[in-house]
1. Distances over 20 Å make up what percent of all Cα-Cα pairs in segment 343-428?
2. With each label point set 7 Å from Cα along the Cα-Cβ vector, what nm distance links residue 60 and residue 366?
3. Would you tally the net charge around residue 212, using a Cβ to Cβ cut-off of less than 13 Å, leaving residue 212 out, and scoring K and R as +1, D and E as -1?
4. In Å and on Cα atoms, what radius of gyration and Dmax does segment 381-514 show?
5. Rank these by accessible area, largest first, 1.4 Å probe: 60, 245.
6. Which links in 360/489; 84/277; 360/380; 84/105 stretch past 20 Å when you go from one Cα to the other?
7. Please list, by residue number, every one of the GluC sites (Glu not before Pro) in segment 464-501 that is coil in DSSP and has at most 15 other beta-carbon atoms within 10 Å.
8. Residue by residue, what Karplus-based ³J(HN,Hα) values in Hz, rounded to whole numbers, does segment 418-432 have, using 6.51, -1.76 and 1.60 with θ = phi - 60° and x for Gly and Pro?
Amino acid sequence: MTEVEDTPTLCEGDNDDDSDGWDEMEISGEQTTCLFCPSQFHTIAVALDHCRSEHKFDLLELKTRYNMDCYSFIKMINYIRLHKPEPKIITESCVALWDDDVYLKPGEMEPWLMYDFDDLGSTPSTPHYAIDGKTPISNNIGDLQRQIYELTLQLRQKDNLLKNAMQDMAKMREVTKTIVESGDSSKNLVPTDVASLPITYDSEYFNSYSHYGIHQEMLSDSVRTISYRDAILNNKDIFTGKTVLDVGCGTGILSMFAAKAEAAKVYGIDQSDVIYKAMDIVRENNLHDTIHLIHGRIEDTALPVDKVDIIISEWMGYFLLFEGMLDSFIYARDNHLSPGGVVLPSRCNISLIGLSDMEKYNNRITFWDDIYGFSMKCMKSEVVKEPNIETIPSDKIITKPCLLNEIDLTTCPTSTVEFSSNFKLEITRSGTITAFAGYFDTFFDLPNSVSFSTGPHTTKTHWQQTVFYLKNTLEVNEGDILEGNLRCKRIKKNIRGLQVTITVGQEAQEYILD
C-alpha cells in the first residue's frame with residue numbers, strides 16, 4: 001500500500017473554485033528545499049527539474065533502475081537528509097545505498113515525503129492532483145498527515161521485524177533438521193563463524209561499540225593508532241589513486257588516514273551505530289567526497305563496488321582472536337579484494353609466557369579461602385576460568401616467550417581461530433608459576449614496514465595481556481623447560497567467544513573468554 005492510498009480524501013467539492021484553492025495552497029504553502037543544495041522551490045516539480053539540470057540527479061531514472069516503491073523513496077530521502085551525500089555518490093552506485101530500514105524512522109516534517117512517488121512518470125488520476133505529483137496539504141491538517149505518515153512507517157518497521165524473525169526461525173529449523181538428520185550433533189553444530197550467525201543474534205556485540213568510551217580508549221592507544229597511521233602514510237604510494245575498504249571502521253580514523261594518503265575512494269563499514277557519528281566526523285574534516293560510510297555488517301551488506309584494491313581493519317581482540325572479527329576481515333578479503341590486492345595488517349602471531357606474582361594470585365585466588373571467617377573455596381574453580389586482562393610488570397616474568405601460532409592474513413581461513421599448539425617455556429628464574437599470559441604481535445609487510453607488540457616488554461596498549469591464572473601453582477627452577485599444550489576453540493553458545501584449555505603434565509585447566 002502507498003501513503004496516497006491510505007490517506008483519506010481531505011476535501012471534495014462540486015465547483016471549479018476548489019481546484020483554484022488547491023493551487024493557491026500549493027504556491028503559498030511550505031517551500032521545498034533541494035536535496036543537495038540550499039535552493040528552495042514552490043513546487044516539487046520545479047525542484048525535480050532543478051535536481052536533474054543542476055545536479056544530474058534524475059529521480060525517475062532511479063525509480064526505474066531500482067524498481068523503487070514509496071518505502072524505497074522514503075528511505076532514500078531520509079538517507080540523503082541524514083548523510084548529505086554528493087549526487088554522484090547515489091547516481092554512480094551499483095546498489096541502493098539507502099536499503100536499510102533504519103531510514104524509515106520518521107524525522108522532521110519533510111515536504112519531499114508528501115510527494116506522490118507512485119505516480120512519478122504517470123498521468124495524474126484525480127481532479128485535484130497537483131501537476132507535479134505533490135498532494136495538496138492545508139496548514140490545518142498537517143498534524144493529521146504527519147500522524148498517518150508515522151503510523152504507516154511504524155507498521156512497515158513491524159512488518160520487517162516480523163519478516164526477519166520468520167527468516168531466523170526458518171534458518172534455525174534448517175539447523176535443527178541438519179543436526180537431527182546427521183545423527184551426530186557434536187560434528188554439525190552451526191553457526192560455525194560470524195557469516196553464518198543471523199544478525200539478529202549479533203546485536204549485543206555491535207551495541208557494545210555504540211558507547212563512545214571504548215572508542216576513546218582505542219584512539220588513545222598511541223601504539224595502535226600511530227602504527228596504523230605510519231603504515232598508511234609512510235606507504236602513500238600504495239594508497240594513492242586506489243579504492244580502499246575499512247572493515248569495522250568505528251569513528252573512521254583509518255578511513256581518514258587512507259584519504260590523507262590520497263586514496264581515490266574509501267568505503268568504511270560498521271554495524272554499530274557509532275557509524276552515524278563517524279559520518280559527522282568525515283564531514284567535519286571535509287573528507288566526504290572521498291570517504292563513503294555504510295551502516296551494516298560486511299557479511300550481509302552490498303557494497304557500492306564489487307572489488308577494492310586495499311582492505312584495512314583493526315580487527316584484533318584480547319588474545320588476538322577474541323570477538324571473532326577476524327571472520328569479517330576474511331569475508332571481506334575473500335569476497336571484495338581484487339586479485340593482487342593488499343590486506344593490512346599482513347601477519348599476526350600469538351605468544352605465551354610464564355609469570356610469578358604471588359601478591360596478585362593471593363588477591364584473586366587465595367582471597368576466597370577466608371571471607372570474614374567463612375570459607376568460599378568453591379568459588380576458586382569458577383574464578384580461575386575467567387582470564388584477566390592486565391598489564392604485567394616485567395619483573396614478574398620468569399620464562400622466555402614461546403610462539404604459539406603464526407597467522408598469514410593474506411591466506412588464512414576462518415578455522416584459524418581454532419588451533420592447538422605445544423609449548424616449551426624455558427625458566428629464567430627459580431620461583432612459583434602462578435599464571436600464564438598471552439599476547440600478540442602485528443606486522444604490516446610494506447616497503448616501509450611497520451609492526452607493534454602487545455607484550456609486557458614494550459609500551460602498554462589497550463589490549464594489555466591476557467592472564468590465565470592457575471588453580472594449582474607450579475614450582476620451577478632456573479634452566480627447567482616447562483612443556484605443555486594450549487588449545488583454543490570457539491564457544492558453542494557464542495562463536496565470538498573463546499574456550500582456551502592449557503594442559504601441563506596431567507592437569508588441564510579450562511578458561512572462557514566470553
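1. Cα-Cα pairs of segment 343-428 separated by over 20 Å account for 57 percent.
2. 8.4 nm
3. On the way: positive: 277; negative: 217, 273, 280.
Here the charged neighbours net out to -2.
4. When restricted to Cα atoms, segment 381-514 yields Rg and Dmax of 15.7, 49 Å.
5. Numbers: 60 75, 245 0 Å².
Result, largest first: 60, 245.
6. Check vs 20 Å cut-off fails for 360/489.
7. On the way: sites: 475, 478, 483; in loops: 478.
Taking segment 464-501 and a limit of 15 other Cβ atoms within 10 Å, the loop GluC sites (Glu not before Pro) found are 478.
8. In residue order, the calculated couplings are 9, 8, 10, 9, 6, 10, 10, 9, 7, 6, 9, 7, 4, x, 10 Hz.
The values are calculated or read from the model by the stated rules, or taken from the named source; none is laboratory data. These figures come from a predicted structure and were not determined experimentally. Cβ coordinates were reconstructed from backbone atoms using ideal geometry, including for glycine residues, and neighbour counts include every protein chain displayed. Accessible surface areas use protein heavy atoms only, side chains included; no ligands, DNA or RNA. Shrake-Rupley method; radii C 1.70, N 1.55, O 1.52, S 1.80 Å.
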